[in-house]
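Q: I'd like to ask some things about the structure below.
The values are calculated or read from the model by the stated rules, or taken from the named source; none is laboratory data. Here the structure is a predicted model, which means the values were calculated and not measured. Cβ sites come from the backbone with ideal geometry, for glycine too, and all protein chains shown count toward neighbours. Ligands, DNA and RNA are excluded from the accessible area calculation, which covers all protein heavy atoms including side chains. Shrake-Rupley method; radii C 1.70, N 1.55, O 1.52, S 1.80 Å.
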Amino acid sequence: MSLLEVRGLKKQFDGLVVLDGVDVDVEEGDIQGIMGPNGAGKSTLFNVINGIYTADGGSVRFRGQEIANKPVHRIATMGIGRTFQVARVFDEMTVLQNMLVPTVPLSMSRPEALRRAEELLEMATLDGVKANPAVEISGGQKKLLEFMRTMMTDPTLILLDEPFNGINPALIEVLIGIVRKLNNQGKTFLLISHEMPHVSELCNTVAVLAAGGNVARGSPSEVRENPTVIEAYLGQ
Ligand SMILES: Nc1ncnc2c1ncn2[C@@H]1O[C@H](COP(=O)(O)OP(=O)(O)OP(=O)(O)O)[C@@H](O)[C@H]1O
Ligand SMILES: [Mg+2]
């Protein structure tokens, strides 16, 4: 049994079919990439997995349990974290306050929450800006902050939507190091990216979507050389 099993997933918006029977398998302990041209339905897939959108058909199983159409907070509590393509942080709060937001409904004590937040901020090289309002940090730092904030609840599976987009090369190296470290600690990742070099560096498996359907799945080098994948991108 895979950690995450998406089967025949369907989603449409006012007749626009965005996911047309998508299958995704994520094995526990893997770092899997999702690639595909603009508008392929990648972010929509994440939005259905984490409960922002309801599915129009198909299933999403996490640890064998059906989660499609469950509320966002329930899916988060079950152990799925996610980031957004454009980072969502609370601009007026400090970086540290942002980190503490997910711990409010949990039984985590304040000292424990602070200890965990400090540790994650240090790992992301954000400890020097922890007292700054989030509005003052760079776009790349916001992406790292959102990622680290997701880790406050210790999810098992983390969905990252274009984590390398709009972040400088030095922070990309930090980000890659964090994903590797957390993966070594047992965390599983599913990450959307167009950046083949980073995907090749990090991911063991890559699934390619186009026009809401599965195009290919394999190692980064296998999908890179797959003629259908090349065509899907060139047709863009
Ligand atoms: N809430 C919505 N209402 C209507 N249409 C939507 C909605 N969300 C997404 N779509 C449409 O679904 C299609 C797929 O969008 P999605 O954001 O999932 O693509 P993507 O693969 O993430 O693309 P990109 O690489 O540009 O981020 C697009 O045509 C988009 O306009
Ligand atoms: Mg997207």
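Q: Where the accessible area of the chain is counted over protein heavy atoms with a 1.4 Å probe, how much of it, in %, is carbon and sulfur?
A: In the chain, the share of accessible area belonging to carbon and sulfur is 51 percent.
Q: A further question on this structure: At a 10 angstrom cut-off on C-beta neighbours, averaged per residue, how do the peptides 184-190, 18-24, 169-175 rank from highest to lowest?
A: 18-24, 184-190, 169-175
Q: If you line up the long axis of helix 169-184 against the longest principal axis of the chain, both from Cα atoms, how many degrees apart are they, to the nearest 10?
A: 80 degrees
Q: Would you work out the charge dipole size for region 122-236 about its Cα centre, treating the Cβ of every Lys and Arg as +1 and the Cβ of every Asp and Glu as -1, and quote it to the nearest 20 debye?
A: For region 122-236, the charge dipole is close to 220 debye.
Q: A follow-up question, please. Averaged across orientations, what area in nm² does the convex hull of the alpha carbons in the chain project?
A: So the mean shadow area of the Cα hull is 12.7 nm².
Q: Something else: Quote the Stokes-Einstein diffusion coefficient, in whole µm² s⁻¹, for region 132-236, based on the Kirkwood radius over alpha carbon pairs, a temperature of 20 °C and a viscosity of 1.002 mPa s.
A: Reported coefficient: 142 µm²/s.
Q: Moving on. Where the eigenvalues come from the Cα gyration tensor of region 41-105, what are the semi-axes √(5λ) of the equivalent ellipsoid, largest first, in whole Å?
A: 25, 15, 8
Q: Please state the charge dipole magnitude for region 88-152, taken about the Cα centre, from unit charges on C-beta atoms (+1 on K and R, -1 on D and E), reported in debye and rounded to the nearest 20.
A: Taking the Cα centre of region 88-152 as origin, the dipole is about 160 debye.
Q: For region 88-152, report the translational diffusion coefficient in µm²/s to the nearest whole number, using Stokes-Einstein at 37 °C, 0.692 mPa s, and a Kirkwood Rh over Cα pairs.
A: So the translational diffusion coefficient is about 288 µm²/s.
Q: What nm distance separates the two modelled labels at Thr54 and Arg74, each placed 7 Å from Cα along Cα→Cβ?
A: Placing both labels 7 Å beyond Cα along the Cβ direction yields 1.2 nm.
Q: Semi-axes of region 1-46's equivalent ellipsoid from the Cα gyration tensor, sqrt of 5 times each eigenvalue, largest first, rounded to whole Å?
A: 22, 13, 6
Q: Excluding ligands, DNA and RNA, what is the solvent-accessible area per residue of the chain at a probe of 1.4 Å, expressed in Å²?
A: Accessible area per residue, the chain: 45 Å².
Q: Antiparallel versus total DSSP beta bridges in the chain: what percent is that, nearest 5?
A: Antiparallel bridges make up about 55 percent of those DSSP assigns within the chain.
Q: Listed highest first by mean packing, meaning other Cβ atoms within 10 Å per residue, what order do 8-14, 105-111 come in?
A: 8-14, 105-111
Q: With unit charges on the beta carbons (Lys and Arg positive, Asp and Glu negative) and the dipole taken about the Cα centre of the chain, which residue among Ile75, Val22, Gly33 sits farthest to the positive side?
A: Result: Ile75, furthest along the dipole toward the positive end.
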